[in-house]
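**Q** Below you will find the structure I want to go over with you.
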Amino acid sequence: MEEYPEIIDKFPEKYAGMIYNFINYCLGTEAGGASGYNVREYLNLLKKYMEIVIRSRKPLNIKSLCWHYYYKMYSGYMYSVVDKEGFFEIMKEVIVQIDIYKKDMPTRYLIDFYSMISRIYFEFGNYSMALEWLLRFINHKDAQTFEEYYHNAIIFSIIIHYELKNLDLAEYLLNNTKRYYKKEEKLYISEKVFLKYLKMLVKNDSKEEILYIFSQLKTEIQT
């Protein structure tokens, strides 16, 4: 790549975006998720390209975009291959660097990044870090501009608080969310069903009751 400086000078973010989209496609296919399409090789290429752009004199918004492309795809790959330790390791770099780039990153990209990192932490069982990254989204000054995603994030936060055994807080957020949906007349059938069973979960700590609630939820969703 360094042999072709015109790529960096004329369209660095487009080139990085092309690699990003290809990796994203690979991770979304059955063959590509774990080992197909040499995903790791393309990740290394994207990393090298990001580093070249960051060393260049390009504006910070372009550097931020390339940074986002690499760390989002690398995190997604760690999730795809269920490499918990690899994900935790790469997050050490993200935590150190994100404050440099977040202010120049498109808001939609930044919020999506926060959400994805939160979901991965949750799937890997680190609920406190899942909440920390979700709150980065919820507390962002423009978060409510993305209304649907914002309220989904609030519901997700209730689930995280439930897993953390913050049951009083979970119930408080649950009641607030239900009031909001009712006031705005946006409580669709799926949200209504989910919130109903989530409220039942918050009020029960018996393993048998919890298993029964999940079985009832599964039955209602499927009918």
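**Q** Of these, MET105, MET73, MET50, which one is closer than 30 Å to ILE159 by Cβ, over 13 Å from the mean Cα position of the chain (by Cα) and surrounded by 15 or more Cβ atoms within 10 Å (Cβ to Cβ)?
**A** Matching residue, one of MET105, MET73, MET50: MET105.
**Q** List pairs: first in region 135-151 and assigned by TED's automatic domain parsing to the domain that holds THR177, second among the aromatic types (Phe, Trp, Tyr) and at pLDDT 95 or above, Cβ under 7 Å, 6+ apart or cross-chain?
**A** Close Cβ pairs (under 7 Å, with a partner that is among the aromatic types (Phe, Trp, Tyr) and at pLDDT 95 or above) amount to ARG136/TYR114; PHE137/TYR114; ALA143/PHE137.
**Q** Sticking with this structure for a sec: Might you check whether a residue that is under 14 Å from the mean Cα position of the chain (by Cα), under 23 Å from PHE22 (Cα atoms) and β-branched (Val, Ile, Thr) occurs anywhere in region 117-129?
**A** Yes, that holds for at least one residue.
**Q** Go through (1) modelled with pLDDT of 85 or more; (2) part of a helix (DSSP H, G or I); (3) out of contact with any Phe, Trp or Tyr (no Cβ under 9 Å at 6 or more places or on another chain) and name the single condition ASN38 misses.
**A** (1)
**Q** Considering every residue within region 150-167, establish whether at least one is farther than 19 Å from VAL202 by Cβ, within 17 Å of the chain's Cα centre (by Cα) and part of a helix (DSSP H, G or I).
**A** yes
**Q** Hey, could you check region 113-142 for residues that are among the acidic types (Asp, Glu) and within 23 Å of TYR162 (Cα to Cα) and say which is surrounded by the most Cβ atoms within 10 Å (Cβ to Cβ)?
**A** Among residues in region 113-142 that are among the acidic types (Asp, Glu) and within 23 Å of TYR162 (Cα to Cα), the one surrounded by the most Cβ atoms within 10 Å (Cβ to Cβ) is GLU132.
**Q** Related question: Within region 82-97, which residues are under 15 Å from PHE124 (Cβ atoms) and assigned to a helix (DSSP H, G or I)?
**A** The answer is LYS84, GLU85, GLY86, PHE87, PHE88, GLU89, ILE90, MET91, LYS92, VAL94.
**Q** Considering only residues that are closer than 21 Å to LYS178 by Cα and among the acidic types (Asp, Glu), which ones fall in region 118-167?
**A** Within region 118-167, GLU147, GLU148, GLU163 meet the criteria.
**Q** Sticking with this structure for a sec: Determine which member of the set ILE160, ILE213, ILE155 is surrounded by 12 or more Cβ atoms within 10 Å (Cβ to Cβ), at pLDDT below 85 and hydrophobic (A, V, I, L, M, F, W, C).
**A** ILE213
The values are calculated or read from the model by the stated rules, or taken from the named source; none is laboratory data. All figures in this text were calculated on a predicted structure; none of them were measured in a lab. Glycine also receives a Cβ, built like all others from the backbone with ideal geometry; neighbour counts cover every protein chain displayed.
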